[in-house]
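Written below as structure tokens is the structure these notes are about.
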Amino acid sequence: MDPARWDWRRSGYDDRVHAFPAGERASLIEAVCTHTVPYAKAARTHSGQRCVSCLLIVGDALAVDNSVDGPR
Ligand SMILES: [Zn+2]
């Protein structure tokens, strides 16, 4: 999993911004926290409250990446 390739989208279900795998085009897409939402209801925006689970999971992925490659 490449941690640099996330699409942050706001779910129309819970109005939180979740991290979805970039390039996801299925009719039902799944965030890294396992929140699922129809593609049509996932607005591509950073505005709104972010999902804490997604933040932590993506943050962990970035931390692992940095420990391999060094800080950027
Ligand atoms: Zn989430």
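Name the residue, out of 47, 11, 27, whose mean-square fluctuation peaks in a Gaussian network model built on the chain with Cα pairs under 10 Å.
Comparing 47, 11, 27 in the GNM, the peak value goes to 27.
Simple spin-label model, 7 Å along Cα-to-Cβ: residue 22 to residue 62 in nm?
1.4 nm
So what are the ³J(HN,Hα) numbers for region 33-39, from phi and the Karplus equation (6.51, -1.76, 1.60; θ = phi - 60°), rounded to whole Hz, Gly and Pro as x?
Here the 3J(HN,Hα) series is 8, 6, 5, 10, 8, x, 3 Hz.
Within region 1-60, list the chymotrypsin sites (Phe, Trp or Tyr not before Pro) lying in a DSSP loop whose Cβ has at most 12 other Cβ atoms in a 10 Å radius. Could you put the intermediate results ahead of the total?
Numbers: sites: 6, 8, 13, 39; in loops: 13.
When the chymotrypsin sites (Phe, Trp or Tyr not before Pro) of region 1-60 are filtered for loop state and at most 12 Cβ neighbours within 10 Å, nothing remains.
Measure nothing but the geometry: give the 0 to 90° angle between the long axis through the Cα atoms of 52-69 and the longest principal axis through the Cα atoms of the chain, rounded to 10°.
30 degrees
Collect residues whose amide H, placed 1.01 Å from N in the peptide plane, falls under 5 Å from the amide H of residue 51; neighbours closer than 5 in sequence don't count.
17, 18
Calculate for the chain the 222 nm mean residue ellipticity that helices alone would give, adding -39,500 (n - 2.57) per DSSP H run of length 4 or more and normalising by residue count, nearest 500 deg cm²/dmol. Let's see the in-between values first.
Working: 1 runs with 18 residues, N = 72.
So the calculated ellipticity at 222 nm is -8500 deg cm²/dmol.
Values quoted throughout were computed directly from the atomic coordinates according to the rules given, and no laboratory measurement underlies them. Model, not experiment: these values are computed from the prediction. Neighbour counts are summed over all protein chains in view; Cβ atoms, including those assigned to glycine, are modelled from backbone coordinates with ideal geometry.
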